[in-house]
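The values are calculated or read from the model by the stated rules, or taken from the named source; none is laboratory data. The shown structure was predicted, so the numbers you read here are calculated from the model rather than taken from an experiment. Every residue, glycine among them, receives a Cβ derived from its backbone with ideal geometry; neighbour counts consider all protein chains shown.
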Amino acid sequence: MQLPNRENAYVPLQKLSDYLLSETHAVGKSKARYFRSLGFHEENISLLEQGLLAIARTDTVREAISTSYGTKYVMDGGLKTPDGVIVSIRTIWISEYQTDAPRFVTAYPIRATGVEGVLL
């Protein structure tokens, strides 16, 4: 299954700068270490945004989860780093009720063993 309304998917830039790339965010800092180690940073944040949107628009939904806010979609895909290496990540998107634009929630690496998790 494809992400519903995938052409309208979006990534709030504040989610990237203040969370996914933030070395001081209580939850995001371990993710920031990972994504920064791949070469992503504030100066090329649009590359990260484009890579995440490519996953939303081309890869398939692994799982759909109904919540009180809407439906969350779990998607695995390949993210191209600034150096051209492809890494496997899991992304989470949400389509909130009464909207048709899936919003990016988070991303984290999928380890080589197939077990997902945040690198601590």
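Listed by first and then second residue, the pairs linking a residue in the range 1-28 that is free of Cβ contacts under 8 Å to residues at least 12 places away in the same chain to a residue that is in a helix (DSSP H, G or I) and hydroxyl-bearing (Ser, Thr, Tyr), with Cβ atoms under 9 Å apart and 6 or more places separating them unless they lie on different chains, are His25/Tyr19; Val27/Tyr19; Gly28/Tyr19. If you filter the range 70-114 down to residues that are of a type in the set (Asp, Glu) and not in a strand (DSSP E or B), you find that the one that is nearest to Leu13 (Cα to Cα) is Asp100.
For the range 18-67, filtered to residues that are among the hydroxyl-bearing types (Ser, Thr, Tyr) and either assigned to a strand (DSSP E or B) or touching a Phe, Trp or Tyr at 6+ places or on another chain (Cβ under 9 Å) (or both), the residue that is nearest to Leu3 (Cα to Cα) is Thr60.
In the range 61-71, is there at least one residue being surrounded by fewer than 17 Cβ atoms within 10 Å (Cβ to Cβ), in contact with a strand residue (DSSP E or B) (Cβ under 9 Å, 6 or more places away or on another chain), within 16 Å of Phe35 (Cβ to Cβ) and at pLDDT 95 or above? No, there is no match, as no residue in the range 61-71 is surrounded by fewer than 17 Cβ atoms within 10 Å (Cβ to Cβ), in contact with a strand residue (DSSP E or B) (Cβ under 9 Å, 6 or more places away or on another chain), within 16 Å of Phe35 (Cβ to Cβ) and at pLDDT 95 or above.
Looking only at residues of the range 5-17 that are in a loop (DSSP other than H, G, I, E, B) and buried (at least 16 other Cβ atoms within 10 Å of the Cβ), we find that the one that is farthest from the chain's Cα centre (by Cα) is Ala9.
For Arg111, indicate whether it is without any contact (Cβ under 8 Å) to a residue 12 or more places away in the chain, closer than 28 Å to Met1 by Cα and either exposed (fewer than 15 other Cβ atoms within 10 Å of the Cβ) or not hydrophobic (A, V, I, L, M, F, W, C) (or both). Criteria met by Arg111.
Quickly run through the range 72-104 and pick out the residues that are more than 16 Å from Asn5 (Cα to Cα) and either exposed (fewer than 13 other Cβ atoms within 10 Å of the Cβ) or among the basic types (Lys, Arg) (or both). Within the range 72-104, Lys80, Asp83, Gly84, Val85, Ile86, Arg90 meet the criteria.
Of all residues in the range 4-55, those satisfying the criterion of being in contact with a helix residue (DSSP H, G or I) (Cβ under 7 Å, 6 or more places away or on another chain), over 20 Å from Thr99 (Cα atoms) and of a type in the set (A, V, I, L, M, F, W, C) are Leu16, Leu20, Leu21, Ala32, Phe35, Phe40, Ile45, Leu48.
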